[in-house]
Each structure stands twice: as structure tokens, then as C-alpha cells.
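Working notes, beginning with the structure itself.
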Amino acid sequence: MKNLRRKTLAAASAVTLGVGLAVAGGVAPAASAAGPDTTFLVLAPQGAKTDKAAARVAAAKGTVVASYDQIGVLVVRSTNPDFVTDVAGAGVDSVASTAGLGTALDEGETIEVSAAEVANTTADPTKEPMFGQQWDMPMIDVPQAHAVNAGSASVVVGVLDSGISSSHDDLKDQIAKDKSTSCIGGVSDTTESAWNPTNSDHGTHVAGTIAAAVNGKGVTGVAPGVKVAAVKVVNNDGYILPEAAVCGFMWAAEQGMQLTNNSYYIDPWELNCRNDARQRPVWKAVQRAIRYSQSKGVLHVASAGNSNFDLAHKITDEGSPNNGTPEVREDLTNACLDLPAEAPGVVTVSAVGPTGEKSYYSSYGQGTVDVTAPGGDTRFRTQGVRSTPADGILSTTYNTTTKTNGWGYKQGTSMSSPHATGVAALALSAHPGMTPGQLSAFLGNTAEAISCPAGVYNPVPLMAAGPNAYDATCSGGQRNGFYGAGMVNAYNVVK
């Protein structure tokens with residue numbers, strides 16, 4: 001499998017970010033030649049409605065395509081090259097162009113299971129014929145949990161991702177179609193074709209880990225009794241643009257979802273700094289959407305990332321923005337966050353491999369990682385020993401070239417996060433009515449603690465891409481930087 005560090009594709013247009021400034025009294029902006037059709041986030045002041053901002057948008061030759069009045073955020077399209085300057089004024093807190101923004105979804109490589117392998121599986125075919133390859137499920141006591149509670153259909157999990165295949169045998173009866181949508185462009189589109197996958201099977205794989213059916217076919221999910229809703233936030237170029245993420249969080253809130261899974265990060269900056277004028281408007285809009293959805297009872301679960309990065313000690317970022325020419329940013333502070341993983345109240349999940357040790361790629365950080373879960377480690381299982389694809393996570397897939405459904409392996413914190421989300425869904429099924437804060441605490445309190453390894457951790461010191469390439473130091477005691485409160489446990493939340 002290819003390297004799982006976070007990546008972005010080169011953007012066609014430059015990043016143009018700016019905080020709105022007041023326009024000099026009464027002087028109309030000079031006419032300009034039309035520019036490219038560009039998306040902007042326009043923010044009203046905190047707590048204010050968007051009517052004044054919408055009037056400024058119209059005067060600046062923009063069109064509101066989505067209004068999130070609950071949080072004072074407008075998604076706007078305009079060809080006015082001076083829009084950022086022209087829209088500024090009374091009723092507008094800040095504005096940012098999202099042209100060139102966005103992070104290409106870190107796909108990893110899908111290792112598909114062939115039809116012959118499916119036919120020759122050895123598990124009991126009256127249950128799930130491929131369960132024998134799902135080492136991740138016994139690791140978190142899923143079989144024991146299912147004997148008590150396999151999940152309630154009243155629990156709906158929003159999968160903010162690249163869409164879910166609605167024709168997959170293991171998923172077609174698991175999807176809450178009435179709560180599914182595409183948020184591409186920041187605007188909801190509930191047609192089934194819109195929220196199905198186009199260029200990526202990432203969301204289909206994630207959804208299977210959460211809720212693949214117990215139907216005698218393929219695999220099982222952690223919580224096969226719950227429903228998943230496709231909330232498509234990844235566009236056809238593989239980007240998670242800020243307006244789509246805002247739409248996704250707001251959609252989950254208004255549809256009454258209790259949980260979302262977020263296996264991505266927002267913006268081309270791996271660390272989004274609220275004290276940077278270029279990034280602040282996007283940071284504000286995303287935070288407002290997250291806080292609003294939490295107030296409506298939604299707990300968000302997010303992957304920690306695949307950069308082997310210590311999120312608790314942000315000193316230098318040399319790889320951002322990763323859709324253009326990276327710049328070195330030094331002496332960073334805690335004003336710089338990985339979103340949505342480090343947003344307040346979000347459950348952040350690191351990854352382990354089949355041995356239960358931190359996956360070589362998994363980011364970490366004391367006080368940042370809340371829990372850990374199986375994410376796979378197919379590069380090296382133990383020091384110097386080559387691994388196999390089966391040490392990844394087996395789940396549902398959709399081949400976007402052949403347009404066929406199947407099963408296959410992926411690895412990453414993108415795969416660990418849905419395990420934790422599935423366990424949280426089981427907890428809600430067994431103990432309905434928990435608030436997001438209570439559910440987050442319960443997930444940690446029922447986790448199985450894992451101690452830090454001694455000294456500097458490097459699973460592959462002799463075979464890494466460079467000297468000390470995967471070095472990581474775990475800090476903390478029972479709750480530590482590698483594993484947080486420990487391994488999520490499905491049985492503990494339902495027994």
C-alpha cells in the first residue's frame with residue numbers, strides 16, 4: 001500500500017483569503033472585468049442574522065447559494081474579482097474565498113478481495129462468511145457485544161465522506177436514504193445519485209465498518225442494527241472544501257443525527273490557525289457549524305491523521321498549504337488546530353494494527369487523542385517483518401471504474417475512526433438519551449487502557465524511508481498520547 005501521509009492535489013486556482021475591510025464612505029467600487037466563478041464564505045458577526053450580509057453580497061455582485069442563518073454563514077458565488085473588498089461593511093464580520101482550498105481525501109490503496117476468495121471463505125456462511133478475516137472486530141469485543149445489543153435502527157450515524165453505495169448488498173438496507181444528501185458546493189442535494197460515490201469508495205468502506213449488515217453476505221459492521229446516512233462532502237476531484245464541511249455539520253444537526261464520522265481534515269493547511277488572517281474566516285465558519293450541531297445533540301468522531309504527527313506539540317509546519325507552494329511556519333501555538341479532529345468536543349481517534357500497537361502512520365498527542373481503535377498496519381506488522389494486506393481493515397468497497405460492489409482492505413486513521421463511531425452507536429442503542437458530552441465521556445470510561453511503550457517508539461527502524469522516519473514518543477500514564485483513554489470496547493458499552 002502507498003504511503004498514507006495526508007496529501008492534496010494541485011489546485012487550479014490560487015488561494016485568495018482575506019478578512020473583510022470597511023469600504024470608504026459611500027464610494028461605489030470601480031467596475032472590474034468578470035473573473036472566474038468563485039465560492040466564498042461570508043460571515044455575519046457572531047450571533048447576528050445574515051440579512052445585512054446578504055444585502056452586502058448582492059451589492060458586491062454575488063449570489064447566495066446557501067444560507068445558514070443559525071450560525072450566521074452564507075455560501076456565495078461571484079465572478080467579481082474584487083468581491084472580498086466590495087462585500088466588506090456593516091453586517092459582515094469576515095469573508096474568505098475557498099478557491100484552491102480543500103484537502104484531497106487520503107484514499108490509501110484499496111486491496112480488493114477477489115470473487116474466488118469470497119467463494120472460498122471459511123466462516124459460517126449462515127452468519128458472515130468473511131468474518132474470519134475481520135481481526136479488528138474481536139479486538140474490540142464485537143461478537144460479545146452483538147450477543148447483547150447489535151444496535152438500534154433509531155440511531156442514525158452521518159458518514160461525512162465520499163458517499164455510500166446504495167446498491168451494495170451489505171449496505172443497501174442500512175442506509176437512511178431520507179437523511180442522506182450531497183453537500184458538494186455547500187448546498188444540499190438529496191437525490192440518490194448525488195450522494196452515491198463517483199470517484200472514491202472511501203465512504204463506502206467507512207460505512208461498512210460502522211454498520212454492514214448481518215445478512216449471510218460479506219462482513220459485519222460494529223453496529224449492524226443502526227442506520228448510516230450518506231453525507232457527501234468530497235467532490236469529484238477529491239477535495240473536502242470548507243463549504244461542504246459546514247453544510248455537512250449543519251445537515252446532521254437539522255436531521256436529528258446523534259453521531260457523525262469524519263475521516264478527513266479541512267482546508268489545505270494541516271494546522272488551521274485562528275490567529276492567521278488568511279485562515280480565520282474558514283476557521284470561524286467550521287467552528288460555528290460544529291458548535292451548533294453539538295448543541296443539537298450531535299457527537300462528532302474524527303480521525304487523528306496519518307502523518308505520525310505529535311498534535312500536542314505544534315512547533316513547525318513545513319508541508320502547508322499542500323495545494324500550492326508549501327511555506328515553513330515556525331513557533332506555532334495552540335491557536336493552530338487540525339480540524340475537525342481538534343475542535344472542542346470532537347472525539348479524536350488514533351489507530352493500531354493487529355498487534356495492538358500504534359500504527360506506524362498514526363498521528364498522536366497527549367490531551368488530543370481521546371481513544372484508539374483498529375486502523376490496520378499493513379506495512380510492517382513487527383520490527384523488520386513484512387506484513388500482508390490482511391493486516392488492513394476489511395470492509396465494503398465500490399469500484400468506481402467498473403461500477404461494481406465488493407469487499408476489500410484499507411488502512412489509516414480513516415478506518416479507526418468508524419470503529420469508535422460504531423462503538424458509540426452501540427452505546428446510544430443501549431443507553432438512549434446521552435448528550436454528546438456524556439457519550440464522549442462514556443466512550444473513554446469504557447475503553448481498555450493501553451500503556452505507553454518504553455522509550456522512543458519506532459516499529460520499523462531499519463526499513464523506514466529515512467533515518468528515524470517513524471520515531472514517536474508517547475507521553476502520559478493511563479491516559480496517554482498514543483492511545484488516549486485506551487482501546488474502544490463494544491461489549492463494555494452495552495453489557
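Using the structure shown, decide if residue 180 is farther than 22 Å from residue 290 by Cα, crowded, with 17+ Cβ neighbours inside 10 Å and touching a Ser or Thr at 6+ places or on another chain (Cβ under 8 Å). Reasoning before the result, please.
On the way: farther than 22 Å from residue 290 by Cα: no; crowded, with 17+ Cβ neighbours inside 10 Å: yes; touching a Ser or Thr at 6+ places or on another chain (Cβ under 8 Å): yes.
Criteria not met by residue 180.
Kindly indicate whether residue 188 is over 17 Å from the mean Cα position of the chain (by Cα), surrounded by fewer than 22 Cβ atoms within 10 Å (Cβ to Cβ), under 30 Å from residue 143 (Cβ atoms) and touching a residue at least 40 places away in the same chain (Cβ under 8 Å). It would help to see each step written out before you state the result.
On the way: over 17 Å from the mean Cα position of the chain (by Cα): yes; surrounded by fewer than 22 Cβ atoms within 10 Å (Cβ to Cβ): yes; under 30 Å from residue 143 (Cβ atoms): no; touching a residue at least 40 places away in the same chain (Cβ under 8 Å): yes.
Considered against the rule, which asks whether it is over 17 Å from the mean Cα position of the chain (by Cα), surrounded by fewer than 22 Cβ atoms within 10 Å (Cβ to Cβ), under 30 Å from residue 143 (Cβ atoms) and touching a residue at least 40 places away in the same chain (Cβ under 8 Å), residue 188 comes out as no.
The condition (being over 18 Å from the mean Cα position of the chain (by Cα), modelled with pLDDT of 95 or more and surrounded by fewer than 24 Cβ atoms within 10 Å (Cβ to Cβ)) is satisfied by just one residue among 366, 383: 366. For the range 69-84, residues that are farther than 14 Å from residue 242 by Cβ and touching a Gly at 6+ places or on another chain (Cβ under 8 Å) total 8. Residue pairs whose Cβ atoms lie under 8 Å apart, sitting 6 or more positions apart in sequence or on different chains, and linking a residue in the range 296-317 that is among the acidic types (Asp, Glu) to a partner that is modelled with pLDDT of 90 or more, are 310/363; 310/364; 310/365; 310/472; 310/473; 310/481.
Among the residues of the range 342-356, the ones that are at pLDDT below 95, open to solvent by 20 Å² or more (accessible area, probe 1.4 Å) and either under 19 Å from the mean Cα position of the chain (by Cα) or of a type outside the set (Ser, Thr, Tyr) (or both) come to 3 in all. For residue 269, the conditions (1) modelled with pLDDT of 85 or more; (2) over 18 Å from residue 180 (Cβ atoms) are fulfilled apart from (1).
Could we say that residue 23 is over 30 Å from the mean Cα position of the chain (by Cα), open to solvent by less than 70 Å² (accessible area, probe 1.4 Å) and at pLDDT below 65 here?
Working: over 30 Å from the mean Cα position of the chain (by Cα): yes; open to solvent by less than 70 Å² (accessible area, probe 1.4 Å): yes; at pLDDT below 65: yes.
Here the answer is yes, as residue 23 does meet what is asked.
Among all residues of the range 218-234, there is at least one that is closer than 30 Å to residue 334 by Cα and modelled with pLDDT under 95. Do we find a residue being under 30 Å from residue 72 (Cβ atoms), out of contact with any Phe, Trp or Tyr (no Cβ under 8 Å at 6 or more places or on another chain) and at pLDDT 85 or above anywhere in the range 309-325? No, every residue in the range 309-325 fails to be under 30 Å from residue 72 (Cβ atoms), out of contact with any Phe, Trp or Tyr (no Cβ under 8 Å at 6 or more places or on another chain) and at pLDDT 85 or above. Candidates in the range 239-269 are the residues that are crowded, with 24+ Cβ neighbours inside 10 Å and charged (D, E, K, R); of these, the one that is farthest from the chain's Cα centre (by Cα) is 243.
When the residues of the range 60-78 are filtered to those that are open to solvent by 60 Å² or more (accessible area, probe 1.4 Å) and not in a strand (DSSP E or B), the one that is farthest from residue 253 (Cα to Cα) is 61. Scanning the range 386-425 for residues that are in a helix (DSSP H, G or I), over 20 Å from the mean Cα position of the chain (by Cα) and small (Gly, Ala, Ser) yields a single hit, 390.
For the range 356-377, a residue qualifies if it is more than 26 Å from residue 273 (Cα to Cα) and either touching a helix residue (DSSP H, G or I) at 6+ places or on another chain (Cβ under 9 Å) or in a strand (DSSP E or B) (or both), and the qualifying residues are 356, 358, 359, 373, 374, 375, 376, 377.
Scanning the range 437-468 for residues being modelled with pLDDT under 95, assigned to a loop (DSSP other than H, G, I, E, B) and either open to solvent by 40 Å² or more (accessible area, probe 1.4 Å) or closer than 14 Å to residue 364 by Cα (or both) gives a total of 10. With respect to the conditions (1) open to solvent by less than 30 Å² (accessible area, probe 1.4 Å); (2) more than 15 Å from residue 284 (Cβ to Cβ); (3) not in a helix (DSSP H, G or I), residue 57 falls short on a single one, namely (3). Residue count for the range 182-229, restricted to those that are small (Gly, Ala, Ser), touching a His at 6+ places or on another chain (Cβ under 9 Å) and not in a loop (DSSP other than H, G, I, E, B): 2.
The values are calculated or read from the model by the stated rules, or taken from the named source; none is laboratory data. If you're wondering where the values come from, they're calculated on a predicted model, not measured in any experiment. Positions of Cβ are generated from backbone atoms using ideal geometry, with glycine treated the same way; all protein chains shown enter the neighbour counts. The accessibility values were calculated without ligands, DNA or RNA, using every heavy atom of the protein model including side chains. Shrake-Rupley method; radii C 1.70, N 1.55, O 1.52, S 1.80 Å.
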